[in-house]
Amino acid sequence: MSAFAFGIDIGGSGIKGAPVNLDTGELTAERVRIPTPQPSTPKAVAKVAAQILSSFTDNDLEVGIALPCVVSAGMTRSAANIDKKWINYPAADVLADVLGRPISLINDADAAGLAELYYGSAKDKSGLVIVTTLGTGIGSAMIYNGVLIPNSELGHVEIDGFAAEKRAAAGVRTREDLTWEAYAKRLQKYYRTLESLFSPDLFVVGGGVSRNPDKFLPLLSLNTPIVPARLRNSAGIVGAAAYSVSTPTTAISAGA
Ligand code: BGC
């Protein structure tokens, strides 16, 4: 890996970016955060991403961008917590055009998973690790023997007739004003379901809620070890940056 890259994490409420030291997984400067434009259309979001990138002077780094969509072959294929225009959208080409340089695109939870794999709680773990991010939605990264299986979308597993993230995302706890005990019951059901489907060797729990692991992890009773993520709210930035140097980038399209 080259030593530095730039990561941008596009979320439903904020877009964050910072340069990353890839040897340590640490941000080399304080991240810049700008609220996500509403509606969060690709063009509006791309402009903010460009603004964040240009606010750093050390500006010839590889750029990785994470966003809450299924990503395949540079196209975004889904849009659960972001404007629907992202569905079947040539996001990598458009972002590269607006940012004026090649970029790499990855699902946000996959980026968080890579960050945990390279620098955090999933490092040196063999077998199947499932990283979940509990935030506005639920994101997931499946890592088998150190290899990411992208776009797993385990927040959309259906439980009791609902997509799991509609009952167990961290945002639901706040919105429904659930006690930690009530919220833990929902997580218990969620992680039990994942256990019965995938028999993982380790769960890693990230997202905003992982700031308070003591409030809910001890309340869960699972066969699989479950640990908090280590990178907390920089995981998307760090994972996107790391991904940018480990994958072929999308070239700026002709005419840009
Ligand atoms: C999206 C995922 C995303 C997760 C976390 C889900 O609603 O479908 O792609 O990783 O939210 O942002």
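The values are calculated or read from the model by the stated rules, or taken from the named source; none is laboratory data. What you see is a predicted model; the values in this text were computed from it and never measured. With ideal geometry, Cβ positions are generated from the backbone for all residues, glycine too; neighbour counts draw on all protein chains shown. To get the accessible areas, we keep the full protein, side chains included, count just its heavy atoms, and leave off ligands, DNA and RNA. Shrake-Rupley method; radii C 1.70, N 1.55, O 1.52, S 1.80 Å.
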Practice task
Select, from SER126, SER196, the only residue that is outside any loop (DSSP other than H, G, I, E, B), open to solvent by 60 Å² or more (accessible area, probe 1.4 Å) and either more than 16 Å from the ligand (Cβ to nearest atom) or under 22 Å from VAL70 (Cα atoms) (or both).
Solution key: SER196
Exercise for the section: Answer yes or no: is there a residue in the stretch 212-226 that is charged (D, E, K, R) and farther than 20 Å from LEU128 by Cα. Expected result: yes
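Residue-by-condition table, conditions (1) closer than 26 Å to LEU105 by Cα; (2) surrounded by fewer than 16 Cβ atoms within 10 Å (Cβ to Cβ):
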| site | (1), (2) |
| --- | --- |
| THR133 | yes, no |
| GLY137 | yes, no |
| ALA164 | yes, no |
| ALA170 | yes, no |
| ALA184 | no, no |
| LYS215 | no, yes |
| ASN223 | no, yes |
Exercise for the section: Kindly check whether there is at least one residue in the stretch 241-251 that is at pLDDT 95 or above, of a type in the set (S, T, N, Q) and at negative phi. Expected result: yes
Exercise for the section: Go through (1) within 20 Å of PHE6 (Cβ to Cβ); (2) open to solvent by 30 Å² or more (accessible area, probe 1.4 Å); (3) in contact (Cβ under 8 Å) with a residue 24 or more places away in the chain; (4) in a loop (DSSP other than H, G, I, E, B) one by one and return the number of the condition ASN81 breaks. Expected result: (1)
Problem - Residue satisfying all of: in the stretch 62-76; assigned to a loop (DSSP other than H, G, I, E, B) and touching a residue at least 60 places away in the same chain (Cβ under 8 Å); most open to solvent (accessible area, probe 1.4 Å) among these - result: GLU62
Problem - Close pairs (6 angstrom Cβ cut-off, 6 or more residues apart or separate chains): in contact (Cβ under 8 Å) with a residue 60 or more places away in the chain in the stretch 8-20, among the acidic types (Asp, Glu) and within 11 Å of the ligand (Cβ to nearest atom) anywhere - result: LYS16/ASP9
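The rows are residues; the columns are (1) modelled with pLDDT under 95; (2) out of contact with any Gly (no Cβ under 9 Å at 6 or more places or on another chain); (3) within 10 Å of the ligand (Cβ to nearest atom).
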site: ALA49; (1), (2), (3): no, no, no
site: ASN59; (1), (2), (3): yes, yes, no
site: ALA91; (1), (2), (3): no, no, no
site: SER104; (1), (2), (3): no, no, no
site: ASP110; (1), (2), (3): no, no, yes
site: VAL131; (1), (2), (3): no, no, no
site: GLY135; (1), (2), (3): yes, no, yes
site: ILE143; (1), (2), (3): no, no, no
Fill in the blank from the handout: Flagged in the stretch 36-51 as open to solvent by 70 Å² or more (accessible area, probe 1.4 Å) and either touching an Asp or Glu at 6+ places or on another chain (Cβ under 7 Å) or within 19 Å of ARG232 (Cα to Cα) (or both), in numbering order, are PRO39
Practice task
For the stretch 99-114, state whether one or more residues are touching a helix residue (DSSP H, G or I) at 6+ places or on another chain (Cβ under 8 Å), among the acidic types (Asp, Glu), more than 18 Å from GLY11 (Cα to Cα) and part of a helix (DSSP H, G or I).
Solution key: no
